[in-house]
Amino acid sequence: MGEIITFYSYKGGVGRTMALANVATLMSQWGYNVLIVDWDLEAPGLEFFFQKHYSSNIGSVLKKEGVIDLLYKFLDRQLDVSEVPDLQDCLIEIKIPESKAPLHFLTAGKRDGDYTSRVSGLDLEAFYEKNGGYFLETLREHWKRTYDFVLIDSRTGITDIGGICTIQLPDIFVLLFTATEQSLQGTVNIVKKTVVARQNLPVNRLSLLCLPVPSRFDDREEFELSKKWLKRFEKEISSLYEDWLPTSVKVLDMLTLTKIPYMTYFSFGEKLPVLEQGTVDTAGLGYAYETIASLLGNKLDYVNQLLENREEYVRLSRTKTSVEKSLSQLPGKRTEASDFLRPTLTSLVIQRLQRGESINLYGEPGIGKTRLLEDIRKAGLEGTHIILVSFRRYQYSYDGFCKAVWTEAGIEGEPVVSLNQIIQKLKDRNQPIFFFIDDFQYLPDNPDIDAKFNQDFIVCLNSIKNSTSVSLLTVTHEPVNNLVIFINKMPLTSVLNLTQLEVNPLKHEEIIRELERRFADYLLDAHKKKILASHLNEQSDNYALLMNYEVKLITQSDAHLTFNQRLDTWRIHFRKDILLKKSATQWHRKIKSWFLVMAPFLETIGKIKKLTAGAGPFFKSIADKFLKPNGK
């Protein structure tokens, strides 16, 4: 399903329509099927940005029927509530240079002598009384099934007609504002009103994701003043990021990355800087629009990659659509990449592995990291062999680990118990191979581990980085690079060179999608799904909780309680079980490894005490001071 994105500004003259036109141009070049809609009925003009890219002249474009005509056709009973309107005669194809997919345009309406009176005379109250809201739902669902992205240019300010594309239609809300009080406060207030209004809709909606974009922002001439305004923005609009921005990413950094600079040349006429100027100049408008387009292309997901490596993040957005389409065409497998628990992150991992990167995927327990590995396996990537082994199971047996890898690899003959030899056999295949090691956190700081998991084992894993056919992925709770591993009970530090990728707890929209996949309406109706999604959204280990709750729901556990009481009861029991499981093994291992690491130091302390026992008062006082816990 596609995403509907509304571009909104409280005040005019902020570059909203220009931003939409340039983002749409890039998305079309990247291969996304995009529809742009001019919903600024009182002051339309989106068509002028593409004058050079129509097959006919601008006059023919202005004669096309558009949004206002569709609304009147419904009012006049020419269209039914559940009828998908035939838009073929309305849509205009825009031919973007080097475009990999069509860019379609629905204008505000036929610009004849009656246009102004038709807009001013539109009776929205009558429209909704005749179930016009459900007609818009039909149109919305059709657009989401047909296009990857629908970009809507909204009216400024607070208007009834603008409320349709700010409240009912969007999945993502792009908010452009300038460094003025009226623009900033107006933007914050419109979001508050929109959130309240969406809660009163008769249809279910996921949380509205807001992307604030400072526009016409000149930080070259007034650098110190611009810094003060960015700080002001951060203070006023931080809450708008809460539904999608990871806590590890600072709001100020996002504002700095997404601001659109002011450039005098592009303030004259309707231009497309992404074509005229390109996207290479970091101070240019094209570069800024590319950043915004990549955020939207990645559906505001996995944003910390944008901070770490912007070029990589943009490339993901450019190429993700081809990965998703190739996955959807595989026979007998998943039909859509959106069926994954985390579609964007899964696509990112697949692409990096296909390029031969070695990755450490890390995140808190209970967030579904193993599910990501399973999703990649089920994708059925053509020509790629996937090996998945749990390190937890074989931490005490290097030979067992090697045999498991051998079996998973499908190598014929008697298994060998040398990972080096197995990896060499895999490389000799000249076939793409993904080597997944789950629960890899059981390797470091583990004094009871098999001694064969030594420096040579780490060197062998590092050697995979030099392979063109084998890619390594390890899964841990915390990032793993510098490892303390135990060889014959003695700690040694080893370096494992892996690209670090963090997995965050499930987002609200990901939880909703998973609930829809797992629970039929007879088992869990829409209202209860909404309650459960909100409940899970508050928990860090929400995927593990969801799995636990699924069993409870199927077995009708605690059916005598209300639904909210059942959820609270199950959560408390789940937490107790987790604490009991952790307390025995993990704390024992940590304490034991600490004593082994500290053993040489403790032995030295014992020798110092022994040497200074018969020493004079001067040396003894120094030793005592050194050995006291609070000694400096």
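The values are calculated or read from the model by the stated rules, or taken from the named source; none is laboratory data. Note that the structure is predicted; figures quoted are calculated from it, not measured. Virtual Cβ from ideal backbone geometry, glycine too; neighbours counted across all protein chains shown. Note: accessible area is taken over every heavy atom of the protein model, side chains too, but ligands, DNA and RNA are not part of it. Shrake-Rupley method; radii C 1.70, N 1.55, O 1.52, S 1.80 Å.
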Check segment 85-105 and report whether any residue there is among the β-branched types (Val, Ile, Thr), out of contact with any Pro (no Cβ under 6 Å at 6 or more places or on another chain) and closer than 28 Å to residue 205 by Cβ. no
Within segment 351-367, considering residues that are open to solvent by 10 Å² or more (accessible area, probe 1.4 Å) and in a loop (DSSP other than H, G, I, E, B), the one nearest to residue 468 (Cα to Cα): 356
If we keep only residues of segment 293-313 that are under 14 Å from residue 210 (Cα atoms) and open to solvent by 10 Å² or more (accessible area, probe 1.4 Å), then the residue modelled with the highest pLDDT is 299
Can you tell me which residues in segment 259-279 are buried (at least 19 other Cβ atoms within 10 Å of the Cβ) and part of a helix (DSSP H, G or I)? 266, 273, 274
Would you check if there is a residue in segment 114-131 being among the charged types (D, E, K, R), within 25 Å of residue 278 (Cα to Cα) and either part of a loop (DSSP other than H, G, I, E, B) or open to solvent by less than 10 Å² (accessible area, probe 1.4 Å) (or both)? no
If we ask which residues in segment 195-222 are under 26 Å from residue 303 (Cα atoms), without any contact (Cβ under 8 Å) to a residue 40 or more places away in the chain and either touching a strand residue (DSSP E or B) at 6+ places or on another chain (Cβ under 7 Å) or surrounded by fewer than 12 Cβ atoms within 10 Å (Cβ to Cβ) (or both), their number turns out to be 2
Can you tell me which residue among 183, 238 is closer than 24 Å to residue 284 by Cβ, modelled with pLDDT of 90 or more, outside any loop (DSSP other than H, G, I, E, B) and open to solvent by less than 80 Å² (accessible area, probe 1.4 Å)? 183
Residues that are free of Cβ contacts under 8 Å to residues at least 40 places away in the same chain, of a type outside the set (Lys, Arg) and open to solvent by 60 Å² or more (accessible area, probe 1.4 Å), drawn from segment 244-255: 247
Exactly one condition in (1) more than 27 Å from residue 386 (Cβ to Cβ); (2) open to solvent by 30 Å² or more (accessible area, probe 1.4 Å) is false for residue 529; which is it? (2)
Where in segment 7-94 are there helices (runs of 4 or more DSSP H), lying wholly inside it, with at least 1 residues that are in contact with a Lys or Arg (Cβ under 6 Å, 6 or more places away or on another chain) and buried (at least 16 other Cβ atoms within 10 Å of the Cβ)? 58-62, 67-75
Would you point out the residue of segment 162-179, among those that are farther than 15 Å from residue 198 by Cα and of a type in the set (A, V, I, L, M), that is nearest to the chain's Cα centre (by Cα)? 174
Would you confirm, using the coordinates I've provided, whether residue 138 is within 37 Å of the chain's Cα centre (by Cα), modelled with pLDDT of 90 or more, surrounded by 15 or more Cβ atoms within 10 Å (Cβ to Cβ) and closer than 30 Å to residue 30 by Cα? no
Kindly establish whether residue 346 is open to solvent by less than 20 Å² (accessible area, probe 1.4 Å), assigned to a helix (DSSP H, G or I), modelled with pLDDT of 85 or more and touching an Asp or Glu at 6+ places or on another chain (Cβ under 7 Å). yes
Quick one: count up the residues across segment 407-430 that are closer than 16 Å to residue 384 by Cα, in a loop (DSSP other than H, G, I, E, B) and open to solvent by less than 90 Å² (accessible area, probe 1.4 Å). 3
Six or more apart or on different chains, Cβ under 7 Å: which pairs go from a residue in segment 133-149 that's touching a residue at least 12 places away in the same chain (Cβ under 8 Å) to one that's of a type in the set (Phe, Trp, Tyr) and assigned to a helix (DSSP H, G or I)? Could you list them? 135/74
Just to be sure, is residue 167 in contact with a strand residue (DSSP E or B) (Cβ under 8 Å, 6 or more places away or on another chain), in a helix (DSSP H, G or I), aliphatic (A, V, I, L, M) and modelled with pLDDT of 85 or more? no
Could you please give the count of residues in segment 29-48 that are within 16 Å of residue 99 (Cα to Cα) and at pLDDT below 95? 5
Within segment 147-161, of all residues that are open to solvent by 10 Å² or more (accessible area, probe 1.4 Å) and under 22 Å from the mean Cα position of the chain (by Cα), the one farthest from residue 37 (Cα to Cα) is 148
Residues (out of contact with any Phe, Trp or Tyr (no Cβ under 6 Å at 6 or more places or on another chain) and aliphatic (A, V, I, L, M)) located in segment 505-530: 511, 512, 515, 520, 523, 524, 526
Looking at the structure I just gave you, is residue 282 among the β-branched types (Val, Ile, Thr) and open to solvent by less than 30 Å² (accessible area, probe 1.4 Å)? no
